[in-house]
Amino acid sequence: MDFEEPAGRPEAATIEHLVDSTFGGIRSSKHRRLAHAACNHARNEFRMQAERQFKQWIAQRQASAKTLNNKKTDV
């Protein structure tokens, strides 16, 4: 891990929150660790992708349920 400047390099040290505060994590030193910038970024991207896919899945299920309900009322 590289602790030197510039901090924008993939091997630079960053602070990673074990449970992000946007997901209910607590902002304390016990819930943080060092991570490579590239690793931290990849983990965040994976989490955001999973959240987007889950929202799409929910939307599909809601659309399917709405279609079924409309078919039942038409009969």
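Read-outs throughout are calculated quantities, based only on the coordinates presented, and are distinct from any laboratory measurement. Keep in mind that this is a model prediction, so the values were computed, not measured.
What is the percent of Cα-Cα separations in the range 13-74 that go past 15 Å?
Of all Cα-Cα distances in the range 13-74, 65 percent exceed 15 Å.
How long is the gain from Gln49 to Lys72 if the chain were fully straight, where each residue apart is worth 0.36 nm and the alpha carbon distance is subtracted?
4.8 nm
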